[in-house]
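First up is the structure itself, then whatever we jot down about it.
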Amino acid sequence: MTRLRNPVIRGFAPDPSLVRVGDWYYVATSSFEWFPTIPVHRSRDLAHWQYAGHVRGAAPGDSLAGIPDSGGIWAPSLSWDGERFWMVYAVVRSVGTPYFDLDTYVCTATDVSGEWSAPRRIASHGFDPALFHHEGRLWLLNMQSDHRPGGRRFAGIVMTELDRETLAPLGDTHLLLQHERLVEGPKLLHRDGWYHLVLAEGGTGLEHGVLVARSRAITGPYELDRQPLLTTRDDASVPLQKAGHAELVETPDGEWVMSHLTARPLPTPDGPRCTLGRETAIQALTWDEEGWPRLRHGGWHPAVEVDVPTKRQELGPHVSEEPLGWPWSTLRAPADPSWADTGARPGWIRLRGRHGPESWWAHSLLAQRITEHRAEAEVTVEARPRTFTQAAGLVLWYNTEAYLALDLTWAEPEGEGQHGQQWQGGGRTVLSLVEREEGGTRQAAVVEVDADGPVTLGVTVDETRARFWYVREGVRTPVGPALDFGKLSDDHGSRLRFTGSMAGVHAVDPVDAAFTADFTGFRLLCR
């Protein structure tokens with residue numbers, strides 16, 4: 001046995017899809033508007049996980065430009081047919097609308113770390129697609145959405161047989177199940193003559209859960225289990241909340257385990273805040289006398305510590321062959337030397353400023369996932385901003401409506417008003433601390449600094465408090481007040497949010513797209 005501690009993949013890693021091939025376990029997770037698209041992790045013991053690559057080219061044209069916050073690639077499903085890996089996923093272009101404006105794609109590969117086939121569009125009933133390989137046949141599962149006025153946005157689970165080569169539909173689409181509670185994320189498995197339909201139930205927030213239905217026939221009718229397989233909606237004291245979106249896998253020894261998403265909320269006066277986003281967890285399963293899956297430790301609440309039937313095998317950290325590869329991530333497009341250059345100055349990253357931080361198109365941002373509630377980030381930046389439109393610095397990022405940034409930029413002399421870019425005075429080089437939320441942006445502090453050399457910037461996160469600082473004469477000097485890091489969470493604001501908090505560096509120049517800033521020594525410590 002191996003004892004694992006949940007979450008096993010920490011920080012922004014939602015909607016895990018688990019598959020076993022031989023002695024290896026693989027998990028694919030949602031990437032939304034971020035690159036690399038569809039990260040895949042692997043493990044031999046279910047406790048220790050290592051980045052194994054991503055589905056390069058999952059976004060057609062390698063672009064998600066214009067995709068809204070929390071749009072993009074939702075809930076990929078990874079499967080294995082005995083010869084190839086299959087990945088099916090939806091690219092969602094509208095969030096919070098009846099149509100979703102999505103396209104569903106399929107890619108295949110013989111090695112998750114290798115080259116994936118170009119995405120092929122298939123029937124796009126709704127998000128959260130999955131493939132079921134059974135007796136040489138291929139089936140596509142989906143939730144369906146009824147976009148008509150008065151229609152249900154979650155109108156049940158449907159299934160269509162696909163031709164294995166052309167991916168064209170074969171025959172009719174079958175309605176498997178409708179339920180009064182929201183259901184999505186269907187996965188199908190066959191055991192002891194039963195087809196088990198595993199469903200994400202109740203939405204992806206605090207009401208989330210896993211519900212199972214089963215049938216003797218693949219097209220139904222399906223009967224629902226009398227109880228949830230997994231949920232925390234009934235007990236806010238469980239440390240792993242939002243438990244849901246599961247996939248069941250059999251081990252080589254005939255035991256069963258389950259992957260699911262979860263979150264670790266922090267209490268605040270405004271309610272729980274999941275600043276780390278939704279994460280990946282593993283539970284051990286058994287089957288009861290009636291043939292229903294159950295958590296091995298009993299009940300339906302997820303356990304933090306779980307004994308799984310594997311032999312302990314630690315993996316070393318993944319070493320990327322790309323200078324700006326994992327754990328770096330970028331928004332809506334992969335890192336490109338035209339704006340993120342590691343060759344211009346050895347040991348440094350040169351960013352060329354482009355659109356502002358609220359752009360859905362071309363924000364020059366490099367970021368890494370924050371994986372614990374206490375973290376510290378630090379970087380040294382060298383730049384020569386000549387106007388208020390040029391800025392570069394350290395950023396804590398959730399999305400275009402929720403970020404905190406300490407930027408090296410330009411400002412009028414102290415006491416002068418804001419005169420616009422055409423003002424001809426000398427001005428100052430300053431550090432500007434900015435806080436962005438749904439209601440707008442505010443400048444929390446301005447500090448004048450020496451413009452002639454590099455400046456080291458940093459931030460310390462202690463649960464829901466973020467304190468920015470810079471180094472002056474070898475001493476950390478605070479900039480402004482502590483800011484509310486809890487606003488950088490899934491749970492803050494009025495709009496749907498599905499990702500997680502990141503720390504990184506960015507550069508802005510919406511006027512000329514020519515201003516550059518050099519960064520070195522980026523460090524992110526999470527504990």
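The values are calculated or read from the model by the stated rules, or taken from the named source; none is laboratory data. Because the structure is predicted, anything quoted here is derived from the model rather than measured. Neighbour counts are summed over all protein chains in view; Cβ atoms, including those assigned to glycine, are modelled from backbone coordinates with ideal geometry. For accessibility, only protein heavy atoms count, side chains too; no ligands or nucleic acids. Shrake-Rupley method; radii C 1.70, N 1.55, O 1.52, S 1.80 Å.
Key figures
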quantity	calculated
Inter-part distance where region 196-262 and region 142-180 are each reduced to a Cα centre, Å	20 Å
Distant-in-sequence amide H partners of Leu138 (H built 1.01 Å from N, under 5 Å)	Leu162
For region 492-504, 3J(HN,Hα) per residue [Karplus equation, 6.51 cos²θ - 1.76 cosθ + 1.60, θ = phi - 60°, Hz, x = Gly/Pro]	8, x, 9, 9, 5, 9, 10, 9, x, 7, 9, 10, x
Nearest-20 debye value, region 1-97 charge dipole, Cβ charges on Lys, Arg, Asp, Glu	320 debye
Chain lengthening between Arg465 and Asp101 when straightened (0.36 nm per residue, less Cα-Cα)	127.3 nm
Listed residues Ser494, Ser113 arranged by accessible area, highest first, probe 1.4 Å	Ser494, Ser113
Positive-end extreme of charge dipole, region 436-515 - chosen from Thr456, Val475, Gly439 (charges on Cβ)	Gly439
Label point 7 Å beyond Cα of Arg472 along Cβ direction - residues of region 391-434 with amide nitrogen under 18 Å	394, 406-415, 428-434
Hz values of 3J(HN,Hα) by residue in region 415-426 - Karplus curve (6.51, -1.76, 1.60), Gly and Pro given as x	x, 7, x, 7, 9, x, 5, 7, 4, 9, x, x
Calculated FRET value between Trp24 and Arg137, using beta carbons and R₀ = 25 Å, to 0.05	0.50
Lys, Arg +1 and Asp, Glu -1 on Cβ, resulting dipole of region 279-323 about Cα centre, debye, nearest 20	180 debye
Charge dipole magnitude, Cβ of K and R +1, D and E -1 - the chain, Cα centre, debye nearest 20	200 debye
Extended-chain gain in nm, criterion 0.36 nm per residue less alpha-carbon gap, Glu416 and Arg523	34.9 nm
Rounded if a/c under 1.5, otherwise prolate or oblate - region 1-160, Cα gyration tensor axes	prolate
Computed E for Glu223/Arg121 - FRET, C-beta separation, R0 45 angstrom, nearest 0.05	0.85
Distance between modelled label sites at Trp287 and Ser94, nm, 7 Å Cα→Cβ extension	4.3 nm
Amide H contacts of Ile122 (H built 1.01 Å from N, under 5 Å, at least 5 apart or other chain)	Thr104, Tyr105, Val106
Note, ³J(HN,Hα) from phi for region 345-356, Karplus 6.51, -1.76, 1.60, rounded to Hz, x at Gly and Pro	8, x, x, 10, 10, 9, 9, 9, x, 9, 4, x
Equivalent ellipsoid semi-axes - Cα gyration tensor, region 11-61, angstrom	21, 12, 8
Label selected from (i) 192; (ii) 167; (iii) 157, the criterion being volume of the Cα convex hull per residue in Å³ as computed here	(iii)
Å³ per residue enclosed by the Cα convex hull of region 340-391	135 Å³
Extension gain from Gln313 to Val446, taking 0.36 nm per residue of separation minus the Cα-Cα distance	42.9 nm
